[in-house]
Amino acid sequence: MENINHPLFNWIPVKLIEKDNEIYFEWIYLANLKLADPFFDESIAKCKSHAYNSKQCKVVSTVENLIDWSNELISVELKSLVFHVSRCGSTMLSQSLATSSENIMISEAPIIDQILRSDLFSLEKKTSLIQSVLKLLGQKRFPEQKHLIIKLDAWHIFKSAYLRSIFTDIPFALLYRNPTEVLKSHQKMMGMHMVPNLLPSQIFGISVKEVHDLSFQQYGGLVLEKYFQGFLDFYEMDQNVVMLNYNEGMRAVVEKFVSFINVQYSNGELEKMYDRLKRHSKNESAVFAGDQFKEETLKIDFSKLEILHEKLNNSLVNY
């Protein structure tokens, strides 16, 4: 069977919709677009002008439709889930991997987050949906495609045990960075998860009372502490996981990741990956000259962060 002859060829689900106590999924037509932008939403935005996607009536399906249809298409093999602490080279890693024609690289697809954080489904139904959505995102649309790699949102580390229960044999990767550099990057442009109350603080294990007592910088520091602790907790309980440190250099990160997921890329594919590292992660036309951070000191107590960061570094030594 070839996907090209299937009515759903080039269609993927992109959004969960709740309306009149019913749940639907909105779909979008990709045409011949490869999902190679720094973030999934950027690729989807490029598709919206297509005739199939610009009509007033959107293409939607039920939950059961989506699950059933996911079994009708050929999907490539899921090779890894990538967890990260944000501003740690995860976009550069995903952009590097996206240069390979063999990879389908999905970077922070909102539909995955919507399902993971939803309370609309039973655990069994949620599990089926996660499996089905990943199959559909990994639809084999080009002959050379072989591997699916999913970069999750930073807060999905708190769902790592649940995701391991679904994907028991898939290599997981944990990417982190020096805490001062992470937080100074957020100081330049704050990520949504570092702003109090943009995402429910309970996602991070932070109480509402704690939020009121913290400055923006202190809140971001606490969120990062929770990420680091989440990495350590998962790394301690799981054997099929690799720790990756941005501060060892992104080429070393890519080499270690590729080796861990056990994919044999050609030298040509590897060179494309390494060459992409020379350019800015979010702007391929710009040469990457390193991060430029403000000189002022962050008003954060780094004592716990430094302890956790050292433990993460020690886990690399023991790898």
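No value in this document is a laboratory result; all are computed from the given coordinates. No experiment lies behind these values; they were computed from the predicted model shown. Every residue, glycine as well, gets a Cβ built from its backbone with ideal geometry; the counts of neighbours run over all protein chains shown.
Looking at 30, 81 in this structure, which one is within 25 Å of residue 176 (Cα to Cα), touching a Phe, Trp or Tyr at 6+ places or on another chain (Cβ under 8 Å) and surrounded by 17 or more Cβ atoms within 10 Å (Cβ to Cβ)? Even if it seems obvious, please write down each step before you answer.
Working: 30 fails: within 25 Å of residue 176 (Cα to Cα).
Of the residues listed, the single one that is within 25 Å of residue 176 (Cα to Cα), touching a Phe, Trp or Tyr at 6+ places or on another chain (Cβ under 8 Å) and surrounded by 17 or more Cβ atoms within 10 Å (Cβ to Cβ) is 81.
Show me the strands (runs of 3 or more DSSP E) found entirely inside segment 15-134 where at least 2 residues are touching a residue at least 60 places away in the same chain (Cβ under 8 Å) and more than 18 Å from the chain's Cα centre (by Cα).
Details: elements: 22-29, 59-62, 77-84, 103-107.
Filter on segment 15-134 gives 22-29.
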Only one of 160, 185, 259 is touching a residue at least 40 places away in the same chain (Cβ under 8 Å), out of contact with any Phe, Trp or Tyr (no Cβ under 6 Å at 6 or more places or on another chain), polar (S, T, N, Q) and under 21 Å from residue 107 (Cα atoms), namely 185
Being closer than 25 Å to residue 282 by Cβ, touching a helix residue (DSSP H, G or I) at 6+ places or on another chain (Cβ under 9 Å) and of a type in the set (Gly, Ala, Ser) narrows 96, 118, 165, 128 down to just 96
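Quick one: which of 53, 71 is more than 20 Å from residue 241 (Cβ to Cβ) and in contact with a Cys (Cβ under 7 Å, 6 or more places away or on another chain)?
Just a single option satisfies the conditions, and that option is 53.
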Every listed condition ((1) under 16 Å from residue 156 (Cα atoms); (2) in contact (Cβ under 8 Å) with a residue 60 or more places away in the chain; (3) aliphatic (A, V, I, L, M); (4) not in a helix (DSSP H, G or I)) holds for residue 206 save (2)
When every residue in segment 210-263 that is within 18 Å of the chain's Cα centre (by Cα), β-branched (Val, Ile, Thr) and not in a helix (DSSP H, G or I) is compared, the one surrounded by the most Cβ atoms within 10 Å (Cβ to Cβ) is 241
Given the structure, is residue 104 in contact with a helix residue (DSSP H, G or I) (Cβ under 6 Å, 6 or more places away or on another chain) and either more than 28 Å from residue 204 (Cβ to Cβ) or basic (Lys, Arg) (or both)? no
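Among 254, 223, 241, which is the only one that is hydrophobic (A, V, I, L, M, F, W, C) and either without any contact (Cβ under 8 Å) to a residue 40 or more places away in the chain or over 22 Å from residue 313 (Cβ atoms) (or both)?
Numbers: 254 fails: either without any contact (Cβ under 8 Å) to a residue 40 or more places away in the chain or over 22 Å from residue 313 (Cβ atoms) (or both); 241 fails: either without any contact (Cβ under 8 Å) to a residue 40 or more places away in the chain or over 22 Å from residue 313 (Cβ atoms) (or both).
Step by step, each of 254, 223, 241 is checked, and only 223 is hydrophobic (A, V, I, L, M, F, W, C) and either without any contact (Cβ under 8 Å) to a residue 40 or more places away in the chain or over 22 Å from residue 313 (Cβ atoms) (or both).
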Do we have residue 256 as out of contact with any helix residue (DSSP H, G or I) (no Cβ under 6 Å at 6 or more places or on another chain) and among the basic types (Lys, Arg) here? yes
